[in-house]
1. Return the carbon/sulfur percentage of the accessible area of the chain, one whole number, probe 1.4 Å, all protein chains in place.
2. Using the heavy atoms of the protein chains and a 1.4 angstrom probe, tell me the accessible area per residue for the chain in square angstrom.
3. Normalised radius of gyration for the chain, please: alpha carbon Rg relative to 2.2 N^0.38 Å, two decimal places.
4. Rounded to the nearest 20 debye, what is the charge dipole size of the chain about its Cα centre when +1 sits on each Lys and Arg Cβ and -1 on each Asp and Glu Cβ?
5. For the chain, what proportion of DSSP beta bridges, expressed in % and rounded to the nearest 5, is antiparallel?
6. With a sphere of radius 14 Å drawn around the Cβ of Leu15, what net charge do the other residues whose Cβ falls strictly inside it have (Lys, Arg +1; Asp, Glu -1)?
7. Which one of Gly8, Leu241, Ala36 is farthest out on the positive end of the charge dipole of the chain, using unit charges on Cβ (Lys, Arg +1; Asp, Glu -1) and the Cα centre as origin?
8. Using the Cα atoms of segment 1-105, I'd like the radius of gyration and the largest Cα-Cα distance, Dmax, both in angstrom.
Amino acid sequence: MVGTGLIGGSLGLALRRARPGISVRGYDPDPEVAAAARERGAATEVCDSLEAAVRGAPLTVVAAPVDRIPAVLEAVARVVARDGVVTDVGSAKEAVVAAGEAALGGAFVGGHPMAGSERHGIGAADASLFEGAAWVLTPTRATSSRAYSRVSAMGQAVGATPVAVDAAAHDTLVAALSHLPQLAASALVDLTASHADRRALLSLAGPGFRDVTRIAASDPDLWVTIIRANREAVLGALARLGTKVSSLTGIVEAGRWEDLRAFLASARRARAELFAKPGIEAEPVTLSLLVPDRPGVLAEVTTAAGGLGANIEDLRIVHSPEGGRGRLELVVAGERAAEMLAAELEARGYHPAREALP
């Protein structure tokens, strides 16, 4: 574990709880943070160098600030085990994936657990942080099946659901789902705090205001790093939000109350659908297909799914004992999406079969 703050520390705690006999070697550039990780039980051993932590490890997780990850991956590449696998937990993926593959080739697969907290540091680490969360993986044509399987198994072990997503698509999605809400919450607090009657106004704040602005308490240095790493996607999300706010301004100025009601009702329905139940939103369908064990297969399948708008909720590779090929199992959300993906894969020379979920 390279980096033992909130995410690295939480992952160490979660892995040790899930696999009591596991060995977790931790390294952090701040020795006090590393020592705290060992005291909290997030690491079984603390190393005084990155090289000592990584050498011989079957899996290395880089849990550093996203702007430092490329340099860390270069250092990891110099000492990683021959059959070692490397992943990261950065919240912006395109640049990180490019750097990881340049340094490590198919042994690297980008990752991003969709979990966190407005708190930060090893003191906020929580073994249950990843339970029920999506663990985004960003395989490419170069990604080895060994790397994908190993990191996917780690995510499942800590209670998360691995989801394969293209790196560029990931960055666009998290700009809207995570980065924009952070900026919006901070802007709302700043707007309120600059009011002439600030103290009186804040004393009247109810649970709605507190809920909407909770994440404004997050570490500003961390968020500057994240926003800078995903700048273009964030700018696009801000522009779309600006357009929406301008539209609402026009509605209210003109007194178009039925339009306002329609907007609010639509948002209410959308939120109810988004959060109606955790996990898979549509009926899950499992597709199973034999695939050659070579780089590029995962990327071909996930790219086909992305082009159709099919959501892969889970993905598993079962290797053949004879080698050379394996069985790829996809859990797809929705009958129609599964049918379209099956037809597309058939056209690409695969032979997917539908299987009943266990």
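1. Details: 10160 of 18580 Å².
The value for the chain is 55 percent carbon and sulfur by accessible area.
2. Details: 18580 Å² over 358 residues.
Computed with neighbouring chains in place, this is 52 Å² per residue.
3. Numbers: Rg = 22.2 Å, N = 358, 2.2 N^0.38 = 20.6 Å.
The chain yields a ratio of 1.08.
4. Details: 36 positive and 41 negative charges, 61 e Å.
Using Cβ point charges on Lys, Arg, Asp and Glu, the chain gives about 300 debye.
5. Numbers: 23 of 37 bridges.
That works out to approximately 60 percent antiparallel.
6. Details: positive: Arg16, Arg17, Arg19, Arg25, Arg40, Arg150; negative: Glu45, Asp126, Glu131.
That works out to +3.
7. Of Gly8, Leu241, Ala36, it is Ala36.
8. So, for segment 1-105, Rg and Dmax equal 12.8, 36 Å respectively.
The values are calculated or read from the model by the stated rules, or taken from the named source; none is laboratory data. Here the structure is a predicted model, which means the values were calculated and not measured. Neighbour counts are summed over all protein chains in view; Cβ atoms, including those assigned to glycine, are modelled from backbone coordinates with ideal geometry. Note: accessible area is taken over every heavy atom of the protein model, side chains too, but ligands, DNA and RNA are not part of it. Shrake-Rupley method; radii C 1.70, N 1.55, O 1.52, S 1.80 Å.
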